[in-house]
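A.B. asks: One structure follows; several queries about it will come next.
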Amino acid sequence: MVVSVDRGRWGCVLDGDPERHIVAMRARELGRTPIVVGDQVDVVGDLSGRPDSLARIVRVGERRTVLRRTADDTDPFERIVVGNAEQLFMVVALADPPPRTGFVERCMVAAYAGGLHPVLCLTKHDLAAESEFASAFTDLDLTIVYGGVDDPLAPVLELLDGRLTAFIGHSGVGKSTLVNRLVPDAYRAVGEVSGVGKGKHTSTQSVALPLPGGGWVIDTPGIRSFGLAHITPDDVVAAFSDLAAAIEDCPRGCTHLGPPADPECALDKLPGKERRVAAIRLLLTALNANDPWQNSGGPRPVD
């Protein structure tokens, strides 16, 4: 598994064992094939892991899940952030900085479209009540956990146990603090796992860190924008098994937003699903809009 990327070198662990760390380069025959943290790869060459040894990545396995984003909603070039993660931990502070509903909605869209299970991890709830913010996602069955400095780690570790989980969040929300609590000496571990001898943490790349009790967390850089140009409304609705079949009866080009934009949307014909459909349309609105606050995850009044 790829655990770090740094200037044309990939840090990998063999058979998921953090103690069997090697550094590899991309084989010439792979061309510009993207290789990201979380990818399962085949390697050949020097697998000893000794200083200055270098293996070659000759194949990238098919990704089971993928977290993608674009720089903004008009950027045609998607960027793969993480491969094969099972969960996306969206770390959000309830104060300082204030929570941003648009950021969470956009991350959820990307998670659902990529096959990841989203989890909302709230920090700093000693500074503000969470009920109003969290209630915006009630009908989406979103798992919510607390990860502030004064919160017990057991509930978080229970969700992370044995899984590959990507962490994402704005700068200042407490993501790095949480990672350091979960992975002792995490900053030192980042330097070691990079395998390039720099021995320092960088916030410009993702890195996978092993949890002492099993599982991995992928610490991603502080996010500034989260474009969704690569995702369609059908991708979002298809992620919800109780609604996916209905959209087959929608007219061509339906954005599933309902009247007046889509007066014949089949989602409006599902009995007993009104609240569920309304909640998912919040995600679709975030997907379809191109407002600056949504692209940047900036402040927005909570509905």
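A.B. asks: If you take the residues in segment 8-30 that are small (Gly, Ala, Ser) and at positive phi, which one is surrounded by the fewest Cβ atoms within 10 Å (Cβ to Cβ)?
C.D. replies: First, the residues of segment 8-30 that are small (Gly, Ala, Ser): 8, 11, 16, 24, 27.
So of that shortlist, the ones also at positive phi come out as 8, 16.
Values: Gly8: 8, Gly16: 12.
This residue is Gly8.
A.B. asks: Can you tell me which of Gly148, Gly162 is assigned to a loop (DSSP other than H, G, I, E, B) and either in contact with a Leu (Cβ under 8 Å, 6 or more places away or on another chain) or of a type in the set (Phe, Trp, Tyr) (or both)?
C.D. replies: Gly148
A.B. asks: So, of the residues in segment 269-286 that are in contact with a helix residue (DSSP H, G or I) (Cβ under 6 Å, 6 or more places away or on another chain) and open to solvent by less than 20 Å² (accessible area, probe 1.4 Å), which turns out to be modelled with the highest pLDDT?
C.D. replies: Looking at residues that are in contact with a helix residue (DSSP H, G or I) (Cβ under 6 Å, 6 or more places away or on another chain) and open to solvent by less than 20 Å² (accessible area, probe 1.4 Å), I get Val277.
A.B. asks: Regarding Val81, is this residue open to solvent by 10 Å² or more (accessible area, probe 1.4 Å), at pLDDT 85 or above and in a strand (DSSP E or B)? Explain how you work it out, then say what you get.
C.D. replies: Numbers: open to solvent by 10 Å² or more (accessible area, probe 1.4 Å): yes; at pLDDT 85 or above: yes; in a strand (DSSP E or B): yes.
Answer is yes for this residue.
A.B. asks: Here's another thing I want to ask about it. What residue, among those in segment 181-203 that are part of a helix (DSSP H, G or I) and open to solvent by 30 Å² or more (accessible area, probe 1.4 Å), is modelled with the lowest pLDDT?
C.D. replies: Step one: filter segment 181-203 for residues part of a helix (DSSP H, G or I), giving 181-182, 186-194.
So of that shortlist, the ones also open to solvent by 30 Å² or more (accessible area, probe 1.4 Å) come out as 181, 187-188, 192.
Details: Arg181: 92, Tyr187: 63, Arg188: 46, Glu192: 50.
Across segment 181-203, the extreme among qualifying residues is Arg188.
A.B. asks: Identify, please: which residue in segment 31-44 is of a type outside the set (Val, Ile, Thr) and modelled with pLDDT of 95 or more and is, among those, most open to solvent (accessible area, probe 1.4 Å)?
C.D. replies: Gln40
A.B. asks: From Thr138, Thr123, Thr70, grab the single residue that is modelled with pLDDT under 85 and open to solvent by less than 10 Å² (accessible area, probe 1.4 Å).
C.D. replies: Testing whether each residue is modelled with pLDDT under 85 and open to solvent by less than 10 Å² (accessible area, probe 1.4 Å) leaves just Thr70.
A.B. asks: Take the residues in segment 132-148 that are among the acidic types (Asp, Glu) and touching a residue at least 24 places away in the same chain (Cβ under 8 Å); name whichever of them is farthest from Phe240 (Cα to Cα).
C.D. replies: The qualifying residue farthest from Phe240 (Cα to Cα) is Glu132.
For (1) open to solvent by less than 20 Å² (accessible area, probe 1.4 Å); (2) at pLDDT 95 or above, each residue gets a yes or a no:
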position	(1), (2)
Pro152	no, no
Glu158	no, yes
Ser206	yes, no
Val217	yes, yes
Pro221	no, no
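A.B. asks: Inside segment 88-131, can you point out the residues that are in contact (Cβ under 8 Å) with a residue 40 or more places away in the chain and among the hydroxyl-bearing types (Ser, Thr, Tyr)?
C.D. replies: Residues satisfying the conditions are Thr101, Tyr112, Thr123.
A.B. asks: I'm trying to understand the selection: among the residues of segment 14-40, which are part of a strand (DSSP E or B) and free of Cβ contacts under 8 Å to residues at least 60 places away in the same chain?
C.D. replies: Result: Ala24, Met25, Arg26.
A.B. asks: Check segment 162-180 and report whether any residue there is among the small types (Gly, Ala, Ser), modelled with pLDDT under 90, over 30 Å from Ile280 (Cα atoms) and touching a strand residue (DSSP E or B) at 6+ places or on another chain (Cβ under 6 Å).
C.D. replies: no
The values are calculated or read from the model by the stated rules, or taken from the named source; none is laboratory data. All values reported here derive from a predicted model rather than from experimental measurement. Reconstructed Cβ throughout: ideal geometry from the backbone, glycine too, with neighbour counts over all protein chains shown. The protein model used for the area step is the full one, side chains on, heavy atoms only, and it has no ligands, DNA or RNA in it. Shrake-Rupley method; radii C 1.70, N 1.55, O 1.52, S 1.80 Å.
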